[in-house]
Amino acid sequence: MIYLDYQATTPLAPEAREAMLRWLEGPGEGDGFANPSSTHKGGRAAAAAVEVARDQVAALLPKGGRVFFTSGATEALNWALFRGAELMPGGVAGLSIEHAGSLQCLERLNATILPVDGAGLASPPDDALIPEGGIVATMLVNNEVGTIQPVADFAAAAHARNSLLLCDAVQGYGRVAIPDGADLIALSAHKIHGPKGIGALWVKDGVDLPPFMFGGAQEQGMRSGTVSPALCAGFGAAAALAADRFDTDASHVERLWSLALDMLPEWTINGDADRRYHGNLNVRREGVNGLRLMSDAREIAFSLGSACGSGSGKVSHVLRAMGVSEADARASIRLGWGRYTSEQNLRDGLSAIKDAARLQGVN
């Protein structure tokens, strides 16, 4: 299989796997399975590993905040929105292209949905749509079309109305700079070559967010439940590697982007071509049936959009919010690549996709 679905998940980095192994071992010599809340030697060692990982994750974030580990970004977004709405009851607003992890929360909170333009970029903040003393949710990089949203502009607009800014940084963390101004930031480890099952919520100093779960003193009393040192260590190692390789990874992604554009000149890009993360290419071609294309090119892993909504049969809510017709949305596919994608992988994968399109009569 040639893997071109980096927005859904990324391969586990060998360094992250190695960092996790010690905290999965035992019983025996070098036991690393202890509960980090325990006060004996093993517990203290496990707790120290969690704190090292916390610092590694925080190193890629703005200064002046706290990282709380969660089961993933969806939990972090639920925590920020539902508990944040208790803290800031003035109302909620969020972009129409938010990930389902935010969007479904926004719907349940009767939020104001903020529009985007045809390029997949948020329209300039409208004070009439920004709540007073509430929360505004603005993702950093869209997971379906890769566009980079003007988070700093929305943070300024939110703060001008005494509201908080929540940023879903899942697709941007470790890949693009995190802008200043956010009060809450949601993260996921498995999108940066870390393990699945762990994410984080960054909370700016001075934001008194209520706890998410009760029952123990874990995560500074904010999220009860036994913390996994192995998952934390894997997340931390992946974050540290992303920091070390930031420029190298970015250059590699740009080379792959240029290669893809050269190979797909007849396809139309969905979303702004420049103001986006270039490891995400969402394209469409008239006459293509995206679902059939996936079946005919089954040795190539790519997608029609968000993995979280891939089984629904519905067209992408992101493309529809951009004004893309239903027919064009069904003719669209999402390709994603990154650190472990070779140029040959991409050439072979795109060639197979083009061959599959020809089976549909599209030259």
I need the full set of residues from the stretch 207-230 which are touching a helix residue (DSSP H, G or I) at 6+ places or on another chain (Cβ under 7 Å) and closer than 14 Å to GLY72 by Cα, in order please. PHE212, VAL227
Residue list for the stretch 316-363, restricted to those being farther than 24 Å from ASP272 by Cα, in contact with a helix residue (DSSP H, G or I) (Cβ under 7 Å, 6 or more places away or on another chain) and among the aromatic types (Phe, Trp, Tyr): none
Counting only residues in the stretch 217-254 that are part of a loop (DSSP other than H, G, I, E, B) and among the hydroxyl-bearing types (Ser, Thr, Tyr), the one farthest from GLN344 (Cα to Cα) is identified as SER224
Quick one: ALA297 ticks every box in (1) modelled with pLDDT of 95 or more; (2) open to solvent by less than 30 Å² (accessible area, probe 1.4 Å); (3) on the phi > 0 side of the Ramachandran plot; (4) of a type in the set (Gly, Ala, Ser) bar one, so which box is it? (3)
Quick one: would you say GLU25 is modelled with pLDDT of 95 or more and among the acidic types (Asp, Glu)? no
Selection from the stretch 304-331 of residues among the polar types (S, T, N, Q) and either surrounded by fewer than 21 Cβ atoms within 10 Å (Cβ to Cβ) or at pLDDT 95 or above (or both) yields SER306, SER310, SER312, SER325
Would you kindly identify the helices (runs of 4 or more DSSP H) lying entirely within the stretch 259-363 that contain at least 3 residues that are in contact with a Leu (Cβ under 9 Å, 6 or more places away or on another chain) and farther than 30 Å from ALA238 by Cβ? 290-296, 326-330, 343-358
Check on ALA158, over 30 Å from LEU335 (Cβ atoms), crowded, with 24+ Cβ neighbours inside 10 Å, over 12 Å from the mean Cα position of the chain (by Cα) and in contact (Cβ under 8 Å) with a residue 24 or more places away in the chain: yes
Selection count where residues are within 30 Å of ILE333 (Cα to Cα), part of a loop (DSSP other than H, G, I, E, B) and touching a Phe, Trp or Tyr at 6+ places or on another chain (Cβ under 6 Å), scope the stretch 2-38: 3
Scan of the stretch 48-66 for residues that are crowded, with 22+ Cβ neighbours inside 10 Å and touching a strand residue (DSSP E or B) at 6+ places or on another chain (Cβ under 6 Å), ordered by number: VAL57
Any idea how many residues of the stretch 161-199 are touching a Gly at 6+ places or on another chain (Cβ under 9 Å), surrounded by fewer than 22 Cβ atoms within 10 Å (Cβ to Cβ), farther than 18 Å from ALA53 by Cβ and among the charged types (D, E, K, R)? 1
Residue check, ASN143 against (1) closer than 19 Å to GLY84 by Cα; (2) touching a Ser or Thr at 6+ places or on another chain (Cβ under 9 Å), all met but one. Which one? (1)
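The values are calculated or read from the model by the stated rules, or taken from the named source; none is laboratory data. Here the structure is a predicted model, which is why all the values come from computation and not from measurement. When we count neighbours, we look across all protein chains shown, and the Cβ atoms used for this are built from the backbone with ideal geometry, even at glycine. Remember, those area values only see protein heavy atoms, side chains included, never the ligands or the DNA or RNA. Shrake-Rupley method; radii C 1.70, N 1.55, O 1.52, S 1.80 Å.
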